Amino acid sequence: MPTDPVIEVAGVTKTFAGVQALGDVDFTLQRGEIHALVGENGAGKSTLIKVLTGIHTPDAGRLTRNGHISTIYQEVNLVPLMSVAANLFLGREPRNRFGLIDRARRNADASELLRGYGITADVSSPLGTLAVGEQQMVALARAVEANADVVIMDEPTSSLEPREVETLLGVVRKLHEAGISIIYVSHRMDELYRICDTVTVLRDGRNVHSGPLKELPRIELVSLMLGRSVKEIEKHGTTAFGEGHHADTQPVLEARELTSRPRINGVNVSIRPGEVVGLAGLLGSGRTETAKAIIGALPLDGGTVLVAGKPVSHNVKSAMRAGISMLAEDRKTEGIIPNLSVRENIVLAALPRLSRFGVISRSKQDRIVDTFVKRLRIKVSSPEQKVAELSGGNQQKVLLARWLCTEPRILLLDEPSRGIDVGAKAEVQALIDELAREGLAVLLISSELDELLDGADRLIVLRDGSVAGELEGDQLTSEHVLKAIAAEVRDGSDDHAVSHQNGN
Amino acid sequence: MITTTTPAVPKAAARTKVLQRQGAAVALVLMVAVSWLVFPRFGSLDNLRDLALQGSFLAVIAIGMTFVIITGGIDLSVGSLYALGGVLAAWGSQYGFLAALALPLVVCGAIGLINGLLIARTNMAPFIVTLASLLFARGLLLAITDEGANTYKIATDSAFVELGRGTVLGFGYPIFIAAVLAVLGGMILNRTSFGQNVFATGGAEQSAILLGVPVAKTKIVVYTMSGTLAGLAGALTAAYLQSGVTVIGVGLELDAISVVVIGGTLLTGGMGTILGTVIGVGLIKVIQNVINQIGTLDSNYQSVVSGVFLLIVVVLQRILRR
């Protein structure tokens, strides 16, 4: 194979505040190839892209670039209030002989150019009036028009409808034919295998694999991403975590056909009291969205949520009243209020229940806070300590306490052990286990397969917003999960593409 | 997981554009028509000339403000700079026409430049930075005039006075100056890359940076422009009044912001027109004029009516953007 690298990096290392984001990474992009860059959250993809585009300077390593690079991000980085044509030619406006912008020519050029990308919208209307897919196409056209030799596409299809995805992939192929090199970041296996020539897998800041994609079976790719060997078929269920939850027969939570296009499509989830159900899947498969749909924080195109057989209106207030609580993924922005005390943070969600005519009983508060601080073993000097001063693990416990004191029947946990140290992680997991034992229905979301296999009684595997499989009992092994994630979709649509695995 | 920020401006943007800009224009036409019919003196040439002249000073300031607001910023210093510009022009007039004109432009422009540098380079909030210069310029003004005790007069026969008081067909020079600036401003905004950068900066700053728009430079230029134009408006006013008056311009920044917003420029940035601003100036001045015509009404009602108008426009912006 002739080598004509457009970008070549060798031994690149990048550290942020003592945390290594990239360690000794080699990466080569050959001219004219479509190179898939994959890896789970925190694997170092965005850091690598930023090193390639020059936004970050590597601490060590060599970087050679032989061309102009343009990056298309997942969010369309254009100006929605400006016209399509103005966006397309921002910075390179056609001028008339007085040096002023020639608007007629700008519009004509823009129309002509976009027709090649299948867009026939009025180019003088604001960009924001176009569909997201079309906006992305405009971004792409802009990049190509700026004579890019390399186009980096970061999750370009994550917010597109299937039809828009097809158009985009068509354009990617066209670029490929025109000799432009492409780095394609995506989690969608089907897309990767359809258009990419080569693949680089990053995991924990290291390049764990580079090579032709076609020769790499899907299951191998997924196992490389998740860091699990296919041969390593281990049976779980022998550890203490996750064993012996008493599971009633009647589900307390039933979510039917949850659909919020394009993120989730017909997802079914049911949880019995005392059961921990895990949601597995790659980044972007719709895990958080499913939880948000259940609690009513995501607008739905269809589907119903039933608690103990009764339908719940689709809004957070009703869901909470019905007994659903959710611990959000991002503590900092969606949960903790750093400058309030531990006590204030804990009672926040229970305030309506603790107050009478708007007056909040302090003694009741203290009693509840005391109970939870002891029970969850939250390490604080006093309940009046500011939450900001606590460690990540203890902050997480404070949040857990906040939702527990609303006495939920169903608890949705999104990445409960992210960003906390190993000891605290074990404690949080033990707590989840304990709560389930007491009859709470738990939905556990985690990107760590081990945590799911250990902690859940049953696993729902999501892929591209649909359920790809449901596993329980003996099937709770990494191999089954990987198979479900990697399974090929037979037709273009991804509705229930994979048969559910039946219990044996 | 993945969260996509889809720019939430579907058809609303287009609707806002039409209704807002045209809304102000329609209101202006209606106001003028009704006033013409109800108040016979309103339509007299003298009154219209006076109205246009009064509006021209505000328009000069508001043109600069339009650029600032489209970048998503705000300039609170223009009222103080307007007064400072007037006093500097009056003081400078003893050294001739050029000094009288150049001094306010250079000094006020420099203060605008400092505003811009602070906002663009240190990322401080425009509100705070320009509030500081509002106080600074007003203080400087009082210091150089012995707390207003020292009023600089402009010799009545000087060429500089002509700039403020001279007329063509009875219409004062400031009207033509404001008109030329408005046309230039519109051209710069819509037909130059700098203008495109102004829109991009206010429309989506992060995207603009990624698109290679010189966001910091753009901000520095708009605040410098705004300061310079405020100084010019002050100089023209001084020429017209034949002296530098220290007490004028208090709260004028709020008038300027109001007319820009009434004219359909989004206070959040990214969208706006000079024509809209000119219409906004016209609307406010007609309202003031009419309240003066009624005579029995306290002139404070001018602010009441302007306030109500502003509120209506902002509420409409909100509703239409949904």
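Consider only pairs whose beta carbons are under 8 Å apart and that are at least six residues apart or on different chains; among these, list those whose first residue lies in segment B:174-202 and is facing chain A (nearest Cβ under 7 Å) and in contact (Cβ under 8 Å) with a residue 12 or more places away in the chain and whose second residue is among the polar types (S, T, N, Q) and assigned to a helix (DSSP H, G or I). That search, which allows pairs on different chains as well, returns B:Ala200/B:Ser207. Taking the criterion of being of a type in the set (Gly, Ala, Ser), in contact with a Phe, Trp or Tyr (Cβ under 6 Å, 6 or more places away or on another chain) and outside any helix (DSSP H, G or I), would at least one residue in segment B:242-256 satisfy it? Checked against the condition, which is being of a type in the set (Gly, Ala, Ser), in contact with a Phe, Trp or Tyr (Cβ under 6 Å, 6 or more places away or on another chain) and outside any helix (DSSP H, G or I), segment B:242-256 yields at least one hit. Considering segment A:86-114 alone, what residues qualify as being crowded, with 19+ Cβ neighbours inside 10 Å, more than 8 Å from chain B (Cβ to nearest Cβ) and out of contact with any Leu (no Cβ under 9 Å at 6 or more places or on another chain)? Across segment A:86-114, the qualifying residues are A:Phe89, A:Asn107. Looking only at segment B:205-224, residues that are more than 14 Å from chain A (Cβ to nearest Cβ) and surrounded by fewer than 24 Cβ atoms within 10 Å (Cβ to Cβ) come to 4 in all. Here A:Arg331 meets the list (1) modelled with pLDDT under 90; (2) in contact with a strand residue (DSSP E or B) (Cβ under 8 Å, 6 or more places away or on another chain); (3) more than 14 Å from chain B (Cβ to nearest Cβ) almost entirely, failing just condition (2).
For segment B:179-197, the condition holds for at least one residue, the condition being that it is surrounded by 24 or more Cβ atoms within 10 Å (Cβ to Cβ) and closer than 14 Å to B:Ile63 by Cβ. Specify the residue that is nearest to the chain's Cα centre (by Cα); the eligible residues are those in segment A:34-85 that are assigned to a strand (DSSP E or B) and within 14 Å of chain B (Cβ to nearest Cβ). Looking at the filtered set, the residue picked out is A:Ile72. Taking segment B:1-96 as the region of interest, the helices (runs of 4 or more DSSP H) fully inside it that hold 1 or more residues being modelled with pLDDT under 85 and under 15 Å from B:Gly280 (Cα atoms) are B:11-38. If I ask for residues that are closer than 25 Å to B:Leu254 by Cβ and under 19 Å from the mean Cα position of the chain (by Cα), which ones from segment B:90-113 would you list? Hits for segment B:90-113 are B:Pro104, B:Leu105, B:Val107, B:Cys108, B:Gly109, B:Ala110, B:Ile111, B:Gly112, B:Leu113. Among residues of segment A:301-356 being more than 21 Å from the chain's Cα centre (by Cα), touching a residue at least 40 places away in the same chain (Cβ under 8 Å) and assigned to a strand (DSSP E or B), the one that is nearest to A:Val380 (Cα to Cα) is A:Ser341.
Return the residue satisfying two criteria in turn: it lies in segment A:290-309 and is at pLDDT 90 or above and within 14 Å of chain B (Cβ to nearest Cβ), and of such residues it is surrounded by the most Cβ atoms within 10 Å (Cβ to Cβ). It comes out as A:Thr290.
The values are calculated or read from the model by the stated rules, or taken from the named source; none is laboratory data. What you see is a predicted model, and the numbers here were worked out from it, not measured in a lab. Using ideal geometry, Cβ is built from the backbone for each residue, glycine included, and neighbour counts are taken over all protein chains shown.
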